[in-house]
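Notes to accompany the following structure.
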Amino acid sequence: MACKCKKKGGKEIKLTEEQEKILRAMAEMEGPVASKDISEATGIPSKSLSCRIRSLKTKGLLESPARCKYEITEAGRQLIASS
């Protein structure tokens, strides 16, 4: 079942359970982290993360400040806090 949350401006953002799990784990992490760290925190195999991370980046919920490193955006933090 997907999480359906409202983004600023009223646009609905739909998250899969895995995407929500990734965001929640990343909200607990300090600074940019590698896929390996996300995998360890979520239990999702690192090979399965790339498409989920790409989707979260497209939605503006994650960003990649350095090659192969990711961090949650303020929009991602707000979305998790509101759900």
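The values are calculated or read from the model by the stated rules, or taken from the named source; none is laboratory data. Please read these numbers as outputs of a predicted model, since none were measured by experiment. All Cβ positions, even for glycine, are placed from backbone atoms using ideal geometry, and neighbour counts span all protein chains on display.
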- Query: MET26 is checked against (1) at positive phi; (2) part of a helix (DSSP H, G or I); (3) not charged (D, E, K, R) and fails just one. What number does that condition carry?
  - Reply: (1)
- Of everything in region 60-74 that's at pLDDT below 95 and among the hydrophobic types (A, V, I, L, M, F, W, C), which residue is nearest to ILE38 (Cα to Cα)? CYS68
- Query: Can GLY43 be described as under 12 Å from the mean Cα position of the chain (by Cα) and small (Gly, Ala, Ser)?
  - Reply: no
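This table checks each residue for (1) in a helix (DSSP H, G or I); (2) buried (at least 16 other Cβ atoms within 10 Å of the Cβ).
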{"residue": "ALA41", "(1), (2)": "yes, yes"}
{"residue": "ILE44", "(1), (2)": "no, yes"}
{"residue": "SER48", "(1), (2)": "yes, no"}
{"residue": "CYS51", "(1), (2)": "yes, no"}
{"residue": "LYS57", "(1), (2)": "yes, no"}
{"residue": "GLY60", "(1), (2)": "no, no"}
{"residue": "PRO65", "(1), (2)": "no, no"}
{"residue": "TYR70", "(1), (2)": "no, yes"}
- Message: I'm trying to understand the selection: among the residues of region 17-47, which are among the hydroxyl-bearing types (Ser, Thr, Tyr) and in contact with a Cys (Cβ under 8 Å, 6 or more places away or on another chain)?
- Response: SER35
